[in-house]
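Input: a single structure, listed below in structure tokens.
The values are calculated or read from the model by the stated rules, or taken from the named source; none is laboratory data. As the structure is a prediction and not an experimental result, all values here were calculated from the model. All Cβ positions, even for glycine, are placed from backbone atoms using ideal geometry, and neighbour counts span all protein chains on display. Only protein heavy atoms, including side chains, enter the accessible area calculation; ligands, DNA and RNA are left aside. Shrake-Rupley method; radii C 1.70, N 1.55, O 1.52, S 1.80 Å.
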Amino acid sequence: MNKPLVILEKMSTGYFSETVLKEVDLEIFPDDFIGVIGPNGGGKTTLIKAILGLQRLFSGKISFPRGRPNTGYLPQASQIDRGFPITVKELVSAGLKSSNPLFPHLSPKQRRKLNAMLEEAGLAGLAGKPIGELSGGQLQKALLCRALIDDPQLLILDEPNTHVDKQFEQELYGWLGALNKKMAIMLVSHDIGTISPIVKTIACVNGTLHYHPSNQLSEEVLKVYNCPVDVIAHGPIPHRVLKSHHHD
Amino acid sequence: MTDLIQVFEYQFFRHALAAAVLTSVLAAMAGTYIVSRRIVFIGGGITHASFGGIGLAYYLGMNPFAGAAVFGILTALGIEWISQKGKIREDSAIAMLWSFGMALGIIFVFITPGYTPNLMSFLFGSILSVGRVDLQLMLAFSLVVILLFVVFFRPVLSTAFDPEFAKTKGIPVARFRYLMSVVIAISIVLSIRTVGIILVLSMFTIPQITAMLFTRNFARIIPVAALWGITGSVAGLMAAYLLDIPAAAAIIFMLTIQFLIIKGVFITLNNLRRKGARRR
Ligand SMILES: Nc1ncnc2c1ncn2[C@@H]1O[C@H](COP(=O)(O)OP(=O)(O)OP(=O)(O)O)[C@@H](O)[C@H]1O
Ligand SMILES: [Mg+2]
């Protein structure tokens with residue numbers, strides 16, 4: 001039996017009294033890989049914040065049939081203050097929960113896990129560096145480690161491809177494909193072209209949510225969904241994946 | 001020179017030195033948090049709003065620093081509340097509390113019958129009249145804050161850096177933010193005693209930006225800032241004694257000069273290194 005991890009039912013949310021997302025319905029299953037696309041200001045970030053419990057709901061509800069899932073969150077780059085004096089190691093360690101709230105230090109086991117993670121990600125040499133001295137790709141890698149270190153059931157990534165080069169982006173998508181065998185993933189992006197080969201389904205977010213149960217989406221459908229996003233292909237992959245009726 | 005040695009025989013001067021050291025330690029901890037979170041303006045709001053408490057306490061015939069502490073803590077909690085609710089523009093709200101506190105203080109001092117208190121000592125501190133009880137209070141509070149930073153370092157750091165992520169990991173973010181607001185407010189009010197309202201913020205920022213020339217690691221900035229705070233404020237005290245100038249102003253002057261000198265050394269060293277690299 002495949003119970004969903006998260007169910008959103010007629011959920012509306014926003015800021016102050018302004019509604020940003022209206023009547024969103026969505027189910028997230030443990031093996032999902034959902035690409036979340038939509039225009040700037042469409043409400044993608046707001047949607048994932050609602051799922052993470054960071055947003056007050058105006059109406060509707062969010063439920064967790066399997067209990068509140070352990071989440072790994074990679075926020076949008078604009079939310080990270082790169083001038084903050086925190087080291088790579090401290091940043092990644094923030095992903096580990098402390099078992100004792102009155103003495104919230106890392107256990108020896110957690111410390112080993114942290115070092116192993118940094119080693120595996122190739123960040124061990126940068127562990128003591130402040131995040132302000134990292135390249136865009138290195139910072140995204142560190143943020144991904146912070147999201148992953150607690151073995152989440154649901155990984156939520158808000159535009160992890162900002163400030164990184166194409167090569168790192170492809171590398172990242174490779175990792176995500178492998179990670180999806182163990183966890184549900186929601187990947188926010190502006191660019192449906194590059195993510196559509198790796199995601200399984202697509203959610204178009206623009207004031208509300210249109211769920212598309214496949215990773216192939218034509219411009220016509222995007223229009224019906226009122227979801228004006230970039231469908232311009234980057235590189236050779238999207239041509240194969242995007243079934244554009246104009247071309248064939 | 002003998003002058004300088006003799007002065008240590010005076011108890012008031014030894015007290016002043018101890019106050020300078022303790023203020024530096026307190027300001028190093030709270031200040032590093034303030035500077036890292038880029039909330040120096042909030043520190044300014046708390047500092048000036050507490051003057052309202054000083055005035056009210058005078059009017060009621062109570063200890064002015066108790067009044068300052070109450071106003072400072074309430075202002076700090078209020079600002080944190082506003083920023084968590086996000087319903088009013090935070091910077092405007094701070095500016096309002098800032099000037100309202102000052103206005104209230106002046107009104108109360110003005111309508112207090114009898115003698116007018118020495119306003120200068122609140123605006124510019126009175127480090128040379130710090131007593132044993134003041135020192136004990138500062139020492140006790142410093143120890144509490146050190147303990148707090150040592151035990152709760154991880155959640156304090158992660159709620160300061162990325163509160164939303166911290167919340168997804170089940171950390172009681174609001175509780176830590178309020179706790180740190182109170183720590184900042186009490187640290188500021190205790191420091192007002194030594195350096196005064198006008199100058200207190202520089203004790204919370206100049207040693208930090210000096211320390212940040214050496215390290216960008218939160219946990220290391222604190223001791224390094226405490227060290228530069230101590231050297232600067234002790235040098236300031238000496239200068240104040242030798243040149244017979246106001247102590248708090250001399251301390252801030254020395255902290256600034258110290259920063260400029262170290263910054264200058266860093267720039268020169270960098271230039272030399274770059275030139276060396278080019279020659280090779
Ligand atoms: N903290 C906030 N306070 C008030 N309004 C906000 C806040 N954050 C977002 N909004 C508004 O909510 C709407 C949706 O924003 P959101 O960040 O969810 O969009 P997005 O789809 O993630 O956009 P982008 O692609 O630019 O990241 C926008 O109109 C924005 O102005
Ligand atoms: Mg966004």
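In Å², rounded to the nearest 100, what is the total accessible surface buried by chains B and A against each other with a 1.4 Å probe? Heavy-atom accessible area buried at this interface is about 2600 Å². Isolated cysteines of the protein assembly as shown, defined as having no other cysteine beta carbon under 4.7 Å away, are A:Cys145. Pairs of Lys residues in region A:81-152 that lie 8 or more places apart, or on two chains, and have C-alpha atoms under 15 angstrom apart add up to 7. Sorted from longest to shortest, the spans of the Cα atoms of the protein assembly as shown along the three principal axes equal 93, 66, 42 Å. Computed over Cα pairs, the Kirkwood radius of region B:2-279 leads via Stokes-Einstein (1.567 mPa s, 4 °C) to a diffusion coefficient of 66 µm² per second. With each label modelled as a point 7 angstrom along the Cα→C-beta vector, the A:Lys3-B:Leu119 pair spans 6.8 nm. The mean number of Cβ atoms from other chains found within 10 Å of a Cβ in peptide B:152-161 is 5, as a whole number.
Dipole size of the protein assembly as shown about its Cα centre, with +1 on Lys/Arg Cβ and -1 on Asp/Glu Cβ: approximately 1020 debye, rounded to the nearest 20.
Please report the carbon-and-sulfur percent of the accessible area for chain B; probe 1.4 Å, protein heavy atoms only, DNA, RNA and ligands left out. Provide the component values of the computation, followed by the final result.
Values: 9350 of 13300 Å².
The nonpolar share, carbon plus sulfur, comes to 70 percent.
Max-minus-min Cα coordinates of chain A on each principal axis give 56, 42, 40 Å, with the largest extent listed first.
Using θ = phi - 60° in the Karplus curve 6.51 cos²θ - 1.76 cosθ + 1.60, the 3J(HN,Hα) couplings for region A:88-101 round to 4, 5, 5, 4, 5, 5, 5, x, 8, 7, 8, 7, 10, x Hz; x is entered for Gly and Pro.
Are there chymotrypsin sites (Phe, Trp or Tyr not before Pro) in region B:1-50 that DSSP marks as loop and that have at most 12 other Cβ atoms within 10 Å, and which are they? Before the final figure, lay out the partial values.
Values: sites: B:Phe8, B:Tyr10, B:Phe12, B:Phe13, B:Tyr33, B:Phe41; in loops: B:Tyr10.
Those that pass, being in a loop and sparsely packed, are B:Tyr10.
Measuring r between the beta carbons of A:Lys182 and A:Leu57 and using R0 = 22 Å, the FRET efficiency lands at 0.15. Here the alpha carbons of region A:1-111 define both size measures, Rg and Dmax, at 16.9, 47 Å. Between the beta carbons of B:Met62 and B:Tyr178, assuming R0 = 25 Å, the FRET efficiency works out to 0.50 to the nearest 0.05.
Here B:Trp81 sits with roughly 130 square angstrom of accessible surface, probe radius 1.4 Å. Between B:Val144 and A:Trp175, the modelled label-to-label distance comes to 4.3 nm, taking each label 7 Å out from Cα in the direction of the beta carbon.
Do the sum for the protein assembly as shown: with -39,500 (n - 2.57) for every DSSP H run of n ≥ 4, divided by all residues, what is the mean residue ellipticity at 222 nm, to the nearest 500 deg cm²/dmol? Let's see the in-between values first.
On the way: 20 runs with 304 residues, N = 528.
Roughly -19000 deg cm²/dmol at 222 nm, from the helical runs in the protein assembly as shown.
In angstrom, the C-alpha Rg and Dmax of region B:187-263 are 12.2, 38. Computed from phi, the 3J(HN,Hα) profile of region A:110-116 under the Karplus parametrisation 6.51, -1.76, 1.60 (θ = phi - 60°) reads 5, 5, 5, 4, 4, 5, 5 Hz, with x in place of Gly and Pro.
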